[in-house]
Amino acid sequence: MEMLGEARLGASRELVWEALNDPEVLRASIPGCETLEKAEDGSLTATVVSKVGPIKARFAGKVTLSNIVPPRSYTLTGEGSGGAAGFAKADIGVNLDALDANLTLLRYSVKANVGGKLAQLGSRMVDAAARKSADDFFELFGKQVTSRAADGSSAASPAGLDLAALGGVDQQETADAAATAYAPTSAAAPAPVAATPVVAAQTDASVQTSDAGREAVPPAVVAASPAKPASVSAASTAAAMDVLTAELIKVWISDQIAVVTLNRPGSRNAMTYAMWQAIPIIFGALARNPEVRAIILTGAGEDFCAGADIAEFEAVRGNAAQATEYEVAVDGCCDAIANVSKPTIAVLKGYCLGGGAHLAMSCDFRYASTNAVFGIPAARLSIIYGVKGTRKLLNLVGLPEAKKILFGAQRFTADRALQIGFVDHVATGGSVSARSWLDRLIGGGRKGEADVGDPMADARVFAQSLAGNAPLTICGAKALLNGMAMGTGALDLVHAEALITAAAASDDYREGRAAFGEKRAPQFKGR
Ligand code: COA
């Protein structure tokens, strides 16, 4: 039999990994485990009492770990004989994704075989027993991990990232320089990229990603000269620093994916002026970071974002001049997201309103939970939604739907959003097995709560698939498509040609051809 499951654990990936390799934790988590001891060859010997239908037996056998990729994955194989009852063998593949500093997505797959008397019980009974064992194992394991995390007794979780750790600040960048992370050095003479990155891969010990010990990735090609250089305003950089320090926006990087989280759940992640200003700096840094191949934008807590922070409008948007300045910051923010040289996915749940919708529309893709609620209530505030946001809406849903959304200021559901093309994907519920044990683990508070799906897990799988593709292709295709989509004159044809020529002269292009010839997966470097 085969089955799949997943669970989110409130602990760092390092801590979960440590627990997965701790014989004591495994012993306490394997249902019916009486002994689990480490043999000299590193394998584990175990005795487990197990009941399958009417047959109860004591199994003695071995537990071995293979395909070990710290701190991400391994295969745990348990095989044992229960004497007259027969034998059982299970291969359990475990994969860990760091969703945040202290949130880990554990996915598992189980393949189990039985023989002897056990096999005569029939597959339904054996399947049910195997599923229950897996449920029980991960329930017990989850409890141990979360209590260790609460104790803070083990593997320290990485600290938040600062701008230097994200990829640094380029003092000569424009708000949209994020778009040029893989750009050729000059449009007129498109040359293969510069040998020296503007901001090298950060090697400082203070830099925290979840992949401690991972082989260093050579610095990728990063921005050369942006088309229209201008200094980053000191105010924007200071805003970005303050926003990161106060954790109004959090950034987490693992497995080549950066997760940018709007973090004001008490205000439904409403965007302050400082947050609008900070995002171009943050995305610029991520564009330069060669470790990052895809970016996910999401919100903390129940919502994605309820738009601009109306509470501070009086102070920061109280008159016409301020309103103009404010809109420049909003456009700068959304442009930086839309034009960043790496693929972006918005993960949407709860409210996604007004400026929040503009943030979502600025991403390349939108993954929603079933409970997401969308709307642009500008007509309730006597605000005209900006030119760029309106164009993005038009591109996504077409004229009649765009008019309905803007004139009507009505909210709409995730299903409707999918129907009209506002979102690309609505997550369906998690696996029954994962939900059932997770509900038991979390306890009464969430019982009966509707299953709203897990768009983050789906988005990460999608992001991972994009991260393996040629960065220069994605960067170039994005620049061309975005330019074409934003209307006549928006596409800089000279720049587009330069991107195409630079990609044709790249190491990655050679690598793609070589990998095809050698029948292997290509290893792209973004240069
Ligand atoms: N700006 C500032 N604060 C906001 C906010 C926003 N856009 N949206 C929500 N909040 C705050 C609320 O003021 C409230 O704060 P409080 O607890 O200090 O009173 C908190 O977030 C929770 O929101 P609340 O209104 O109590 O929740 P609700 O479930 O009743 O309604 C919304 C949720 C999103 C429908 C409602 O808050 C709303 O309409 N917000 C404004 C949405 C909007 O117009 N956005 C476009 C701005 S351009």
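Summary of computed values
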item: ³J(HN,Hα), Karplus 6.51/-1.76/1.60, whole Hz, each residue of region 13-27, x for Gly, Pro; result: 4, 4, 5, 5, 4, 4, 5, 5, 10, 9, x, 5, 5, 5, 4
item: Distance in nm between pseudo-label sites at residue 387 and residue 267 (7 Å out along the Cβ direction from Cα); result: 2.9 nm
item: Reach of residue 478 by Cα under 15 Å, taken over aspartates and glutamates that are not fewer than 8 positions away in the same chain; result: 176, 335, 364, 492, 497
item: Förster radius 45 Å - calculated FRET efficiency between residue 67 and residue 510, Cβ distance, rounded to 0.05; result: 0.90
item: Highest to lowest packing among 371-380, 274-283, scored as the average C-beta count within 10 Å; result: 274-283, 371-380
item: In sequence order, calculated HN-Hα J values of region 244-255 (Karplus, 6.51, -1.76, 1.60; Hz; x Gly/Pro); result: 6, 5, 7, 6, 6, 10, 10, 10, 9, 10, 7, 6
item: Linear extension gain, residue 151 paired with residue 519, 0.36 nm per residue minus alpha-carbon span; result: 127.6 nm
item: Additional length obtainable on full extension of the chain from residue 321 to residue 428, 0.36 nm per residue less Cα span; result: 34.0 nm
item: Paramagnetic label zone (point 7 Å from Cα along Cα-to-C-beta, residue 413; backbone N under 15 Å) in region 339-366; result: 350
item: Rounded to whole Hz, the Karplus (6.51, -1.76, 1.60) HN-Hα couplings of region 352-369, x for glycine and proline; result: 9, 10, x, x, x, 5, 5, 4, 4, 5, 7, 7, 5, 9, 10, 10, 10, 8
item: Cut-off under 5 Å, modelled amide H: who pairs with residue 257 long-range; result: 293
item: Amide H within-cut-off set for residue 421, under 5 Å, with H built and near neighbours excluded; result: none
item: Residues whose placed amide H lies under 5 Å from that of residue 59, excluding near-sequence neighbours; result: 48, 49, 50
item: Virtual spin-label span in nm between residue 2 and residue 37, 7 Å along Cα→Cβ; result: 3.7 nm
item: Tensor-based shape of region 298-386 (alpha-carbon gyration tensor, a/c under 1.5 rounded, otherwise prolate or oblate); result: oblate
item: Globularity index of region 2-151, i.e. its alpha-carbon radius of gyration over 2.2 N^0.38 Å; result: 1.04
item: Gained length - residue 84 relative to residue 490, 0.36 nm times residue gap less alpha-carbon distance; result: 138.6 nm
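Read the figures in this text as sums done on the coordinates, not as results from a lab. A quick note: this is a predicted structure, and the numbers were derived from the prediction, not measured. When we count neighbours, we look across all protein chains shown, and the Cβ atoms used for this are built from the backbone with ideal geometry, even at glycine.
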